[in-house]
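**Student:** The structure under discussion is supplied below as structure tokens; questions concerning it will follow.
Coordinate-derived values only; no laboratory data. None of these values were measured; they are calculated from a predicted model. Virtual Cβ from ideal backbone geometry, glycine too; neighbours counted across all protein chains shown.
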Amino acid sequence: MDYDKIVNNLAQQVFDAVRPRITDEDYHRVQEAFALAKKAHAPQKRKSGEPYILHPIAVALIAAKELQLDANTVITAFLHDVVEDTPYTVEDIRKIFGNDVAGLVNVVTKKKKETYQTTKQVDNYQQILDSLHYDIRAVMVKISDRLHNMRTLGSMPPAKQLKITGETQYIYAPLAQRLGFFLIKTELENLSFKCEQPSIYAKLERQILQVTPMLEDAFRIFIQPITKIL
């Protein structure tokens with residue numbers, strides 16, 4: 001498989017999605033963030049065996065296209081695992097991309113400590129929720145990160161899948177709902193349900209496909225007078 005071509009094509013989708021609403025300078029910064037992430041993650045692979053860089057690109061694409069976020073948030077999405085998983089530091093990010101991006105990357109980076117206040121997991125949640133006081137963008141990057149992880153959950157061991165779906169249902173889906181991202185909240189819940197109850201999910205999916213044409217007809221009839229008035 002030509003992963004270089006796949007990587008570059010997906011990155012271009014991010015550039016195209018964000019281009020209409022940012023300056024030329026920010027556009028080049030977004031491209032620079034991709035180049036740095038690609039270089040930093042070059043030796044790494046995902047559990048599926050794919051190049052790790054595909055994950056940051058997918059998170060950046062969610063941030064740029066589905067959430068329509070600003071340049072610095074898309075840059076943060078590209079770089080969200082760089083400090084945690086590679087030799088780069090927050091100060092390196094600060095020198096290249098400035099204080100705003102460095103601050104966002106710092107918030108989304110899980111801190112490695114010798115001792116945790118409660119547990120590593122709870123401390124990480126606390127760090128993210130504390131960021132809501134001053135900048136919601138870090139939380140939006142984490143939601144984008146979780147959404148892609150849920151979309152690619154099949155490559156994880158079963159125990160890890162259940163752990164991730166539990167976190168998703170109790171933390172990320174409610175958070176997405178509170179922030180007004182209803183479609184993302186629904187997708188996170190559906191993906192969690194699919195993982196935990198695959199047979200029931202498949203049955204419901206079949207039933208929904210059967211009734212959807214009837215619902216679409218009813219919907220078209222319902223909106224006709226509304227459309228006429230508007």
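**Student:** Assuming R0 = 22 Å, what is the FRET efficiency of Glu25 and Thr89, from their Cβ-Cβ distance, to the nearest 0.05?
**Tutor:** Efficiency for this residue pair is about 0.35.
**Student:** Please compute the net charge surrounding Gln169, taking Lys and Arg as +1 and Asp and Glu as -1 over other residues with Cβ under 9 Å from its Cβ.
**Tutor:** -3
**Student:** May I ask you to order 94-104, 144-154, 71-81 by the average number of other C-beta atoms within 10 Å around their residues, highest value first?
**Tutor:** Top to bottom by mean Cβ count within 10 Å: 71-81, 144-154, 94-104.
**Student:** Enumerate the residues in the range 172-187 having an amide nitrogen under 14 Å from the point lying 7 Å beyond the Cα of Leu215 toward its Cβ.
**Tutor:** Within reach of a label on Leu215, which here means backbone N under 14 Å from a point 7 Å along Cα→Cβ, the range 172-187 contributes 186-187.
**Student:** Rg and Dmax in Å for the range 123-230, alpha carbons only: what are they?
**Tutor:** Rg, Dmax (Cα atoms, Å): 17.9, 54.
**Student:** Next question, about the same structure. Would you report the distance distribution of C-alpha pairs in the range 27-100 as whole percents per 10 angstrom bin, up to the bin with the largest distance?
**Tutor:** 21, 54, 24, 1
**Student:** Of Pro213, Ala60, Pro158, whose Cα points farthest to the positive end of the dipole of the chain (charges on the beta-carbon: +1 Lys, Arg; -1 Asp, Glu; origin at the Cα centre)?
**Tutor:** Working it through, the farthest residue towards the positive pole turns out to be Pro158.
**Student:** Just one of (1) 32, 23, 19; (2) 29, 19, 17; (3) 52, 19, 17 is semi-axes √(5λ) of the Cα gyration tensor in Å as worked out from the coordinates here. Which one is it?
**Tutor:** Given (1) 32, 23, 19; (2) 29, 19, 17; (3) 52, 19, 17, the calculated one carries the label (1).
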